[in-house]
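What follows is a single structure, written as structure tokens, with notes after it.
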Amino acid sequence: MSNEVLLLGLPGCGQSRFAEALRVHCQKQQVQSPICIESLEVGSQTKKRVWTLIDIRSELHHDQAENYLLACLEQSSGVVFVFAESADLTTQAFWQNWLKRQGIDLPVLRWFSQTFAENWHWQSFGDEVLVNQSEFPRLSLQSMEFELGTIYLEHLLFGLDSIKQNLGAEIWRVKASVQTQEYVNPVSIEGTINRWDTYAVEQASGKLTVLGASLDKSLLTEIVEASALV
């Protein structure tokens, strides 16, 4: 029996957060903790549990992202609804119905408040399946990084969202921790294919990372420079 769990999902779905919370849960319960991985070695074929994580705080209306999720689910033995405590009932119903429409019949774990029930054991969730690296879904995304000083947060988010909504920019993931004009504390920016989130952090890295397809670096540079505090 494998002690590895392969975590799949869209960029920014909470894989690292989920893996750390699972490790802490197992440590508290004094049970073996799985090794959570997000990829397979080239050419590998083995049996292990495969879980697809879905951030259910927002609906998803993006064909390519839906197709990628479906490809993940076809290889999975379980589904984890992440950030369930922050999803309203309408959005939770959207995802339940989405799985039903796609004909997905897998066990579903609703992960509330980044904790697990005391009696929950990871080996009881989903069976092991035969996984083949060559058959797994892939996203070919560009990665661009920018240095940031103090910025106007509203300007940066408006610029990034505008090119997504109005110019069709394929931005799949945005991650940054920056000092802003609007707040005393540094702010973390978490952007995914279907939502934006910001929250206070203790330290700013001063870096902005953008993942996407057919990204225009000159346009992104203009947005970053326009948001800078001068």
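Against the conditions (1) under 19 Å from the mean Cα position of the chain (by Cα); (2) buried (at least 18 other Cβ atoms within 10 Å of the Cβ); (3) polar (S, T, N, Q), T180 satisfies every one except (1).
Among residues of segment 107-126 that are assigned by the TED database to the domain that holds F83, those with a beta-carbon under 7 Å from a residue that is buried (at least 16 other Cβ atoms within 10 Å of the Cβ) and part of a helix (DSSP H, G or I) at least six positions away or on a different chain give the pairs R110/A84; W111/F18; W111/A84; F112/A84; Q114/A21; T115/A21; F116/H25; W122/L22. For segment 1-83, the strands (runs of 3 or more DSSP E) that sit wholly inside it and include 1 or more residues that are open to solvent by less than 30 Å² (accessible area, probe 1.4 Å), under 19 Å from V131 (Cβ atoms) and of a type in the set (A, V, I, L, M, F, W, C) are 4-9, 45-55, 78-82. Looking across segment 98-133, the residues that are closer than 18 Å to Y68 by Cα and open to solvent by 80 Å² or more (accessible area, probe 1.4 Å) come down to K100, R101, D105.
Given the options Q64, Q75, name the one that is under 16 Å from P11 (Cα atoms) and in the same structural domain as T115 (by the TED database).
It is Q64.
Among the conditions (1) under 27 Å from A19 (Cβ atoms); (2) buried (at least 18 other Cβ atoms within 10 Å of the Cβ); (3) outside the structural domain of G9 (by the TED database), S205 misses just one, which is (2). Given the criteria in the same structural domain as V24 (by the TED database) and aromatic (F, W, Y), does F146 qualify? No; evaluated as a whole, the condition is false for this residue. The single residue among V210, V174, V187 that is touching a helix residue (DSSP H, G or I) at 6+ places or on another chain (Cβ under 8 Å), in contact (Cβ under 8 Å) with a residue 12 or more places away in the chain and within 15 Å of I151 (Cα to Cα) turns out to be V187.
The values are calculated or read from the model by the stated rules, or taken from the named source; none is laboratory data. None of these values were measured; they are calculated from a predicted model. Cβ coordinates were reconstructed from backbone atoms using ideal geometry, including for glycine residues, and neighbour counts include every protein chain displayed. Accessible surface areas use protein heavy atoms only, side chains included; no ligands, DNA or RNA. Shrake-Rupley method; radii C 1.70, N 1.55, O 1.52, S 1.80 Å.
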